[in-house]
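Worksheet for the structure shown next.
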Amino acid sequence: MRLSKQFTKTRKNAPADEIARNAQLLIKAGFIHKEMAGVYAYLPLGLRVLENIKTIVREEMDNIGGQEVMMTTLQPRDIWEKTDRWDDKKVDNWFKTKLVNGTELGVGLTHEEPIVDALSDYVNSYKDLPIYIYQIQSKFRNELRAKSGLLRGREFTMKDMYTLARTQKEHEEVYEVVAAAYHRVYERLGIGDVTYRTAADGGIFTERFSDEFQTVSEIGEDTIYLHEAKRIAVNEEVYTDENLARLGLKKEELVAKKAVEVGNIFPLESKYTDALGVYYIDENGDKQSIIMGCYGIGISRIMGVLAELFADDRGLVWPENIAPYRAIITRLGDNESTVKVADKLYEDLKKAGITTLYDDRDARAGEKFADADLIGIPHRIVVSDKLVASDMFEYKQRTAQESEKLSYENLMNRFKL
């Protein structure tokens, strides 16, 4: 992508009503556009980051046997009435709408009911289980107060997975398989060392704990008490002596931290499958309940968390596997030889599989350097009249203080590491 052709531009200021640092940075860098409170559009750079996060999540879900689907946003009222969740008093953050004929519909905020309803056509025998099924799509929640940029929105991108198992024992085995996959996701995103599996309230469907994955950050809305050696934590909502004893933890071993929830997994027992009449026939020909689990990762929320954690006073500092592009070529000068060298380098990097942003704009050097830092591209390569004359390139990592001059061969070798 040549910056001279890209319709978005960086800006000095974010909207006056945007107080969240993640949204301020992403707006100024041209990654997102604010439609309204809690609703953001993803522009070319932002969409590339979002897709990179999706790729990591998708790969880890596929690796444990996940089967990806795309469920509908519009949901029929009747299946939600069967599980006693249609009433606004039971689920108070619904968006609902009506067809022209007056039929009421729900606008997807979660998909337990539709998933079970769809699987009712396919799950009959014990041989059909266990199942891991997931999707990555937009969700809609009627938040009373959308805030914190991408961290709490009314429209957001989420990965939700649902598992169906034959027995409680099998469910627990499946549950731990997914939990391990979540840890791998956060490691690959660069936040594994500050993200903790956290015991939380199991809700109305189970006496067991649910599990949140909480990333330690001062911007967090949650308080967790973590055991740094065991790398586990307890949410403040279940921080009682009784629960600590159940978890084998002692108060004096825990430290309180602010954190952001970046994922959650929780047991559903047979609440939804029983309510919707979906069972399986076991080896003896008997009808049995199906045990479910639900597993969520906020894709767009993670993008906001990464923007908060990986930034400095100059702008964003994306991890290399998350950045919209791995490298940026900053061309200074428009001599024929300089343009020719920069153009060739751009093509060579692309051929080598290095995603590259090419700043070929007619702009001052200071503006180009500031934009490269704000956008947060990991590797910056300068091509100038003077450098071309000496057959060299200037190379600098986003996190480095100083740049260095490299030959073409040495420059290309940097990307083979």
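Just so it is clear, none of the values below were taken in a lab; they were calculated from the coordinates. Source: prediction; values computed, not measured. Virtual Cβ from ideal backbone geometry, glycine too; neighbours counted across all protein chains shown.
Here are the numbers:
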item: Beta bridges per DSSP with both ends in region 327-414, % antiparallel, nearest 5; result: 40
item: Anchor Lys127: lysines whose Cα lies under 23 Å away (excluding residues fewer than 8 positions away in-chain); result: Lys169, Lys271, Lys287
item: Pairs from Lys5/Lys340; Lys9/Lys54; Lys139/Lys230 whose Cα-Cα separation, in the structure shown, is over 28 Å; result: Lys139/Lys230
item: Anisotropy class of region 327-414 from Cα gyration tensor, a/c 1.5 cut; result: rounded
item: Three-way shape label, the chain, alpha-carbon gyration tensor, a/c 1.5; result: prolate
item: Phi to ³J(HN,Hα) by Karplus 6.51 cos²θ - 1.76 cosθ + 1.60 over region 258-263, Hz, x for Gly, Pro; result: 7, 8, 10, 6, 10, x
item: Listed peptides 285-291, 132-138 by packing density, highest first (mean Cβ within 10 Å); result: 132-138, 285-291
item: Antiparallel DSSP beta bridges within the chain, percent to nearest 5; result: 80
item: Value of [θ]222 nm, deg cm²/dmol, for the chain, DSSP H segments ≥ 4, -39500 (n - 2.57) each, nearest 500; result: -9000 deg cm²/dmol
item: Burial order of peptide ranges 373-383, 15-25, 45-55 (average beta-carbon count within 10 Å, highest first); result: 373-383, 45-55, 15-25
item: Set of lysines with alpha-carbon distance to Lys12 below 20 Å, sequence-local pairs under 8 removed; result: Lys28, Lys34, Lys368
item: Val91 versus Val194: modelled label distance in nm, points set 7 Å from Cα along the beta carbon direction; result: 3.4
item: Region 177-226 shape via C-alpha gyration tensor axes, a/c threshold 1.5; result: oblate
item: Axial C-alpha extent at least 30 Å, average Kyte-Doolittle at least -1.0 - helices from the chain (DSSP); result: 168-189
item: Region 321-333 - phi-based ³J(HN,Hα) in whole Hz, Karplus 6.51/-1.76/1.60, Gly and Pro as x; result: 7, 10, 4, x, 9, 6, 9, 10, 8, 9, 8, 10, x
item: Difference of contour (0.36 nm per residue) and Cα-Cα distance, Asn284 to Glu237; result: 12.6 nm
